[in-house]
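Note sheet for the following structure.
Derivation of every value follows stated rules applied to the coordinates shown; laboratory data play no part. Computed from a prediction, not measured in an experiment: that's the story for all the values here. Every residue, glycine among them, receives a Cβ derived from its backbone with ideal geometry; neighbour counts consider all protein chains shown.
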Amino acid sequence: MIHGILAEFRNPLDLMHAAEKVRDAGYNKFDCHSPFPVHGMDQAMGLKRSKLGFVIAFFAILGGLIGFALQSWTHSIAYPLTISGKPLFAWQAYIIIIFALFVLFGAISAVLGMLHFNRLPRFHHPVFYSENFKKATDDGFFISIESEDSKFSDTETKSFLESIGGDNVELLEGDDE
């Protein structure tokens, strides 16, 4: 079964220009692989800003509100005790718990949101079928296009990647999992 196609590029600049050309050609399900982050690659690939920050902000604020509501209810309604003339609703004392729950809910939502948005855990990716891909952690720059892409065609995609400067273009074939 064919899972996709993989092409190698000489350097980060070639990889970035190739990513722009792949994006402009209308491919949606592709990824760039580099041994280090390449500044501007997100824009070259046409990636949108992540929604993770909004998810984290929502749940962090929710955690703070839950902490405030829990303490307000506990001190004012469930167990109203007047100690040393302190009012029943002393919101200044709540700030520590509000902050703790703000951070806790934000951190948990960051981890779970990252796992969801990155579609993890994924224990095996089709690019690992390639022996050539081992260079991606050392000195290789690759673009992989998945076979689920609507524009994917074995021969046309291969010739397209070769025309934009891709070397060692190979089909990613492997067993179904």
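Details
- Based on C-alpha pairs under 8 angstrom that are at least 6 apart in sequence, the chain has a relative contact order of 50 percent.
- Within straight-line cross-link reach of K48, lysines at Cα separation under 29 Å, skipping those fewer than 8 residues along the same chain: K21, K29, K134, K135, K151, K158
- Cα long-axis angle, helix 154-163 against the chain (0 to 90 degrees, to the nearest 10): 90 degrees
- The residue list G63, H116, N168 was ranked by how far each Cα lies along the charge dipole of the chain toward its positive end, using unit charges on Cβ atoms, and G63 comes out on top.
- Between the alpha-carbon centres of the stretch 1-58 and the stretch 115-149 there is a gap of 12 Å.
- Relative to the 2.2 N^0.38 Å rule of thumb, the chain has a C-alpha radius of gyration ratio of 1.60.
- Taken over the stretch 52-117, the ratio of Cα radius of gyration to 2.2 N^0.38 Å equals 1.38.
- Springs join every pair of Cα atoms under 10 Å in this Gaussian network model of the chain, and among K29, K86, K134 the largest mean-square fluctuation is at K86.
- Nearest 10 degrees, 0 to 90: helix 12-24 Cα axis against the chain principal axis: 90 degrees
- Rounded to the nearest 20 debye, dipole of the chain from Cβ charges on Lys, Arg, Asp, Glu: 1440 debye
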